[in-house]
Each structure stands twice: as structure tokens, then as C-alpha cells.
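The values are calculated or read from the model by the stated rules, or taken from the named source; none is laboratory data. The structure presented is a predicted model; accordingly, all values stated were derived computationally and were not measured. Positions of Cβ are backbone-derived with ideal geometry, glycine not excepted, and every protein chain shown enters the neighbour counts.
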Amino acid sequence: MMNDKNSQKIVDIIQNWARKHSIWVLAYGTGCGAIEIPPTMTSRYDAERLGVRGAATPRQADVLLITGYLTVKTMKRVIRVYEQMQDPKYVIGFGSCTINGGMYYDSYNTIKVLDKYLPVDVYINGCMPRPEAVLSGFAQLQKRIAEGRANGAQQYKDNLEWYRANQKKIIPNWIMPEYNW
Amino acid sequence: METVLMDILGAVVTFLVAFVVGMTYGGLSRKITARVQNRKGPPWYQNFIDAFKLGFKKSAIHHGVMHHLGGAFLMVSSVMTLMIVPVLSHNNWFPNLNFQGDLIFLLYIMTFGPLGMALGAGQTGNPNSAIGVTRGLSQMVGFEIPWVLALVALMIQYHTTSITGLMAAQAHSGTWLMFSSPFAFIAAVMAMLGMFRYSPFDIVGAPTELASGPVSENGGKYLFVMMSSGSVFTFAKLTLYVDLFMGGADNLLILLVKTFALYLIPMLYGMTTPRYRTEQAVRWFWGWPSFFGLLAILQAVIF
Amino acid sequence: MKEIKENIIQRIKANFADAAEKNDFKDNRVDFSVKKETIPSILFYLKDEMGFIHLSHISCVDWLEEGELEVVFIVWSPKDKIKVFVRTRLDRDNPVMDNVDMIWRQANTYEREMREMFGVQFTGLVAPEEFLLEDWQGPPPFRRDFDTAAYAEKTFWHRPGREDAQDVRETIANRDGEEIPDFAKKYSR
Ligand code: SF4
């Protein structure tokens, strides 16, 4: 019965509803944007009422929140963290720096376009985005999850070679474990 | 045959009730914490959504057999505790396996889960897990002393080592043990603060400090099992306290009122206190709580 | 203040013949230029004999036109409230100097950074090869002949749309038919 298309659809809807209302965030505070996370989580803006909650480790997290510029050195760690997370997983790129380099567009050591290296589901622009913008980004992610369009992880799996080639271009000494799930 | 089937069915019902109540309490505690912090907070059923989502997450981690068994150990320990604790006094729906001496058995079985979890956490090889486990065991050494002292005082005073025996003693005399042996109650409640691992005794899974400690390598379904076993264990412990000190309960509503009143103690205490360090926590338990435990024994021996 | 500064200069000049001082600063600063071989001994002397126990900073300046790199040590005496700059010049093509992290251990970090960012080699420095720039493939990035924009262009992707470096405010104003207020005009490019 599980293979039946309609029942699968219903199961998907229920699962997506639960995923949408329970988003555990691993905030990878790379750049200055990380300072907007505490006000988003605490009393003033209270992201917990939307089910958004901090997760302590990559194993437990659903969303990787990349707050700002990524140097090549942190990029290595971020890729590792992303690959440790369990499906279904999403990535939010936070701040102009992840979109087009922001004010570090000509810096010698920061990547400019995050979605060449990791599959990004939602971008929040602004330098830095205010908590309202962050919340609207989460709302956007929820919408995408509910519609079943937040499939960055699947995309990563399907185009792993392309992503790997891009990552290896900036990280020549590749000493990461295999990604096999 | 008939009765065995009834018992099995009753066990399932007990488990479900414990699961639902424990989860709801967890959600309510999140809500109340939020209200104390002047936030709106998540809905009370947020924990169910979380658990549901965790259950549907994929898990592709393999650290070894013990890692897979860690959650199972926790679950077994919780369910066993739940089965031994009488939930309602006169009700066929909630059978229990209690026997003469179950209070002593309970002391052992309640530490069984954390020990199994410690083995599982050790095999993941995560340093945070290892630190969390050592902290958890030290804290257990701390709160076990007042807890055991309180129970031993009760056993001495009423010459019984079974929970039903203590409940019968309360029904017979008409006063709750909470009033007739106040020192034991105080010591036990103080030990409860450590048992529930709310702040200031959340040194085991300190999220920012230890990245959630022993469970840091467990996501998805593992975390789901641990979360549900935690909820069941919460309910079992609260019911045990109600049985021991507040005369048990005749129906579910009274049980809920009593357990929630007890549950508020660690929750509200936690909101006002920041986290202790390990040695501070242990010293705290070996201070006043143990003193009250000793007083309880004195009272039991003298009167 | 003046006397203390004079005194310091006297003592340094008496002990280190190659020290060329500069003393026209209004604040509590004294400045010496020395040969690179003198650096460890002068720093030892300042720290042990004259009470300059605090290493405030080590920095590096690239004098591209003169073909030299200048390493500057800034030390501070809490007793006299004087800071002393000790400068030395290295050949830009072969910048090698002595390691000083046995005088102040924190110098190790500065030296690692300088090695990475300017390519200054410290003989006898014990530290892991990489510091901030892991997997770096280019020349030392803080040298002035390093073109960051060209390097970034070559190494990273750029999202199209910002090549013209156009003022966004103007674009939006033109599109929506708004007036840019006068006070804001002077910030427009
Ligand atoms: S977008 Fe702005 S605030 Fe965010 S990391 Fe970049 S520079 Fe910092």
C-alpha cells in the first residue's frame, strides 16, 4: 500500500508538515551576520514559536544556517558539517556575502557564490539581515518544505561530482571522508 | 490466559499514557519557560511534532553495536521503571509487576539506563559524549546519596520495601508520607532536581558547552527513541514520587494534578538558576540534601 | 617624560652602535631603526634591563619601491609609560630574520601570520606550516604587488550583475521614478 502513489503523497504531506513546524538550526557563525541570531532566538523575535530551535550538533540539525562570508578555511569545515547532517537537510545562505560576495567581492580568500559549493535552499539578503528578514527567510523555507520544493540535499546527491569538482578547485588538499548517503 | 492478555494490553496502555503525558509535560515546560522569559513560546504539542519529525529523519550513521543499543537500553530502563511503579491505586487498566522488595530493585534499574547510554556514547568516539558521560555519572553519584537515604528512611520507618506497602501505610494512617516523614520528602525532592537534569543540574547535556553531551552523535531516530524514553521516564519518576509521598492517585485526573505540581518544582527552580559546574553540583547534593536524608533516618530510627 | 625618553635613547645608543633613533614624536613614543642581526639582542635588552616587558605588536610594512620589507616591533613599559618602536629592514626578495618567540611567546603567532601574509621567513620558528590561509595557492597576499581583485577573479566564481559597480540607489530611483533627496546626492557615485 505504501507504494501506491496517492498514499505516498499523503505520507509526504504529513511528513512535510512535521518538518515544516520543527526546524532545528545549526547556526554556523562564520561571519558578522551571526550577531543577528541571538535576537532572533530570544524574547524580542522569538523564533521558537515557529518551531525554530537551535541544535547542538550536525547530527541533530535540519538546517545549516551559514551566516556570512566563508573563507576557504571555514569552507572546509562547513562542507564537513553539511555532509555530517542527516537527510532531510536544508541550507540557508544568510547575508550578501553568501550571495555574491557582498563587501568582500574582491577579497582573496572568501568564496563569493555559495551555491556553487553547497546546495542552498533559501537566501536571505541584507548586510546584515535584520531578525525580521531572518524570520521571513524561515517562513520562506517553511513554504518550500510544505510544497516539497526544498530538495537541496537531493540535488547535492545527484550532482555530487560537479559540487566536488568545485570544492576541490579551492581546496586542493582534499582529506575529507567519503560522502555516501 | 484472559488475565495475561489483559496485562499485556494494560502495559501497552500504560506506556502510551506515559508517553503522551511525558511529552506534553515537556512541551508545557518549554511553553512555561518561554512565558517566564516574556516570549510567546512554542505550542504545547511542539514536542510531538519534533518527535514525529525525528522519527522520519534518515539515519546513516554507524559507530558500532553499542551505539545502536544505547537508546534501547534507555528505553528498556524507562519501561521497566514504569512497569514497576503502580500508576493508579485501584484500576485494572494499569497493571504493575510490583513485588516485595521492588523499591530496592527500582534503585538499581533506574541507573541501568544511563549506564547503557554511557556505553553507547562511549562507542561513538565523540569527546563531547565522553565528557558528558563522566559528568552524568558524577552527578548520579551526587544525587543518589540523598535519594537512597530518603528511601532507606521510609523503609525503616514502615518496615516494608515495597511501594504498594508504603501506599497501604499511607491509606491506613490517612496522612501522606510527605507530612509524616517530611525530612525524607525534602531530601527526595532535592534529589529529584538532579534526576530531572534541568538547570542548574543540566551539566550532562549542556548544549553550548558540550554540544548536548552523550547524545551528540545521535540524530534522527536515535534521538527519537531517547526523547520518548525520557518522556516515559519522566512520567514514571513523577508517579513514583506521587506514590511514595502523596498517597498515590485514584484516577488519572488526580494523578495529573499531583504529578504536574511536582514537575513544576525542578522546572521553576531551573528557570532562576544558571548551570553549576560538576563539582559544584556534587557538593550541593552532598550538602543540605544529604543532611536532610540523615535527619530522615534519625527520625525513622527514633520514632 | 622628556628626560625619560632621552635616557632611554642614551642607554640604547651606548649599547647598540647601529641604532638610529627618531625622537620627534609629541607623545610617549621613541623609535629606533636597527640592523636585522641586532633585533634579538635589542629586544632582550629592552625587556630584561629596561622594563619593556610588554610586546604590544609586531607588524610588517611593504616598501615596494625600495625593494624592502620593514618589520616593526612595538614594546611597552608599564612603569615608564613609554612605547618603543624597533624597526628593521629586510631584503624583499629574500626576507629572512631571526625568530624572537623565546623572548615573548606570543610573538610566535605574529610570526606565523607574517610568514603567511608577507612571506617573511624566521629562522628557527617552530610552528605548523599553515595558519589562516589553508590550501593557499598564490603569492603572499599582503604584499603590495599582489592583486587581490585579479586573484579573486581567477580563483572564485562571481555572480553576474555587479560588474558595472552601479549605484543601486540610482537604479531603483530611475526605475520607480523617485527623486533622490539632495542630501543623499553627494553620496551617489
Ligand atoms: S553580508 Fe555583511 S554582515 Fe553579513 S557577513 Fe557579509 S559583511 Fe558581514
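So, residue B:290, is that one within 30 Å of residue B:69 (Cβ to Cβ), touching a residue at least 12 places away in the same chain (Cβ under 8 Å) and out of contact with any strand residue (DSSP E or B) (no Cβ under 9 Å at 6 or more places or on another chain) or not?
Answer is no for this residue.
Can you give me the number of residues within segment A:37-47 that are crowded, with 22+ Cβ neighbours inside 10 Å and either within 16 Å of the ligand (Cβ to nearest atom) or charged (D, E, K, R) (or both)?
1
Kindly provide the set of residues from segment A:38-72 that are over 14 Å from residue A:124 (Cβ atoms) and of a type in the set (A, V, I, L, M, F, W, C), ordered by number.
The answer is A:41, A:50, A:55, A:56, A:61, A:70, A:72.
Tell me whether segment C:135-142 contains one or more residues that are within 11 Å of chain A (Cβ to nearest Cβ) and touching a residue at least 60 places away in the same chain (Cβ under 8 Å).
yes
Just give me the residues in segment C:156-185 being surrounded by fewer than 11 Cβ atoms within 10 Å (Cβ to Cβ) and either modelled with pLDDT under 70 or within 14 Å of chain A (Cβ to nearest Cβ) (or both), in sequence order.
Scanning segment C:156-185 gives C:160, C:161, C:163, C:164, C:165, C:168.
Can you find, within segment B:32-47, the residue that is farthest from the other protein chains (Cβ to nearest Cβ) among those that are surrounded by fewer than 20 Cβ atoms within 10 Å (Cβ to Cβ) and assigned to a helix (DSSP H, G or I)?
B:32
I need the full set of residues from segment A:105-123 which are farther than 18 Å from residue C:152 by Cβ and either within 14 Å of chain C (Cβ to nearest Cβ) or within 12 Å of the ligand (Cβ to nearest atom) (or both), in order please.
A:118, A:120, A:123
Can you go through A:126, A:102 and tell me which one is at positive phi and either surrounded by fewer than 21 Cβ atoms within 10 Å (Cβ to Cβ) or away from the ligand (no atom under 16 Å from the Cβ) (or both)?
A:126
Given the options A:161, A:147, A:178, A:132, name the one that is surrounded by fewer than 14 Cβ atoms within 10 Å (Cβ to Cβ), of a type in the set (D, E, K, R) and under 26 Å from residue B:63 (Cβ atoms).
Matching residue, one of A:161, A:147, A:178, A:132: A:178.
Filtering segment B:136-160 down to residues that are of a type in the set (S, T, N, Q) and surrounded by fewer than 19 Cβ atoms within 10 Å (Cβ to Cβ), which residue is farthest from residue B:206 (Cα to Cα)?
Per the criteria, the residue is B:160.
Check B:129, B:78, B:59 and return the single one that is hydroxyl-bearing (Ser, Thr, Tyr), in contact (Cβ under 8 Å) with a residue 60 or more places away in the chain and not in a helix (DSSP H, G or I).
Residue meeting the stated conditions: B:59.
Which condition from (1) away from every other protein chain (no Cβ under 11 Å); (2) within 14 Å of the ligand (Cβ to nearest atom) is the one that residue A:138 breaks?
Every listed condition holds for residue A:138 apart from (2).
Does residue A:18 meet the test of being within 13 Å of chain B (Cβ to nearest Cβ) and modelled with pLDDT of 85 or more?
So residue A:18 fits the description; yes.
Find the residue count for segment A:70-118, including only residues that are without any contact (Cβ under 8 Å) to a residue 60 or more places away in the chain, aliphatic (A, V, I, L, M) and over 13 Å from residue A:28 (Cβ atoms).
Total satisfying the criteria: 4.
Just to be sure, is residue A:14 part of a helix (DSSP H, G or I), within 16 Å of the ligand (Cβ to nearest atom) and within 25 Å of residue B:54 (Cβ to Cβ)?
It is false that residue A:14 is part of a helix (DSSP H, G or I), within 16 Å of the ligand (Cβ to nearest atom) and within 25 Å of residue B:54 (Cβ to Cβ).
In this structure, is residue A:25 away from the ligand (no atom under 16 Å from the Cβ), more than 11 Å from chain B (Cβ to nearest Cβ) and modelled with pLDDT of 85 or more?
yes
Yes/no matrix, rows are residues, columns are (1) of a type outside the set (Gly, Ala, Ser); (2) over 19 Å from residue B:171 (Cα atoms); (3) surrounded by fewer than 16 Cβ atoms within 10 Å (Cβ to Cβ); (4) touching a Phe, Trp or Tyr at 6+ places or on another chain (Cβ under 8 Å):
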residue: B:236; (1), (2), (3), (4): no, yes, no, no
residue: B:239; (1), (2), (3), (4): yes, no, no, no
residue: B:250; (1), (2), (3), (4): yes, no, yes, no
residue: B:264; (1), (2), (3), (4): yes, yes, yes, no
residue: B:268; (1), (2), (3), (4): yes, yes, yes, no
residue: B:273; (1), (2), (3), (4): yes, yes, yes, no
residue: B:277; (1), (2), (3), (4): yes, yes, yes, no
residue: B:283; (1), (2), (3), (4): yes, yes, yes, no
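Among (1) more than 13 Å from every other protein chain (Cβ to nearest Cβ); (2) in contact with a Lys or Arg (Cβ under 8 Å, 6 or more places away or on another chain), there is one condition residue A:130 misses while meeting the rest; what is its number?
Just one mismatch for residue A:130, condition (2).
Can we say residue C:122 is at the interface with chain A (Cβ under 10 Å from one of its Cβ atoms) and either closer than 20 Å to residue C:89 by Cβ or without any contact (Cβ under 8 Å) to a residue 24 or more places away in the chain (or both)?
no
Is it the case, given these coordinates, that residue B:53 is within 13 Å of chain A (Cβ to nearest Cβ) and either within 23 Å of residue B:270 (Cα to Cα) or touching a residue at least 40 places away in the same chain (Cβ under 8 Å) (or both)?
No; evaluated as a whole, the condition is false for this residue.
So which residues in segment A:55-67 are of a type in the set (S, T, N, Q) and away from the ligand (no atom under 12 Å from the Cβ)?
Residues satisfying the conditions are A:57, A:60.
When only residues in segment B:183-228 that are closer than 18 Å to residue B:279 by Cβ and of a type in the set (D, E, K, R) count, which is nearest to the other protein chains (Cβ to nearest Cβ)?
B:209
Residue B:62 passes all but one of (1) modelled with pLDDT of 85 or more; (2) within 14 Å of chain A (Cβ to nearest Cβ); which number fails?
Among (1) modelled with pLDDT of 85 or more; (2) within 14 Å of chain A (Cβ to nearest Cβ), residue B:62 violates only (1).
I need the full set of residues from segment A:42-101 which are at the interface with chain B (Cβ under 8 Å from one of its Cβ atoms) and among the hydroxyl-bearing types (Ser, Thr, Tyr), in order please.
Answer for segment A:42-101, where residues must be at the interface with chain B (Cβ under 8 Å from one of its Cβ atoms) and among the hydroxyl-bearing types (Ser, Thr, Tyr): A:42, A:43, A:57.
For segment A:48-67, give me each residue that is surrounded by 21 or more Cβ atoms within 10 Å (Cβ to Cβ) and not aliphatic (A, V, I, L, M).
A:48, A:51, A:57, A:58, A:59, A:60, A:62, A:67
Would it be correct to say that residue A:70 is buried (at least 22 other Cβ atoms within 10 Å of the Cβ) and either within 11 Å of the ligand (Cβ to nearest atom) or modelled with pLDDT of 90 or more (or both)?
Taking the combined requirement at face value, the residue satisfies it.
Could you go through segment A:73-89 and let me know if any residue there is closer than 25 Å to residue B:218 by Cα, over 16 Å from the mean Cα position of the chain (by Cα) and more than 16 Å from the ligand (Cβ to nearest atom).
no
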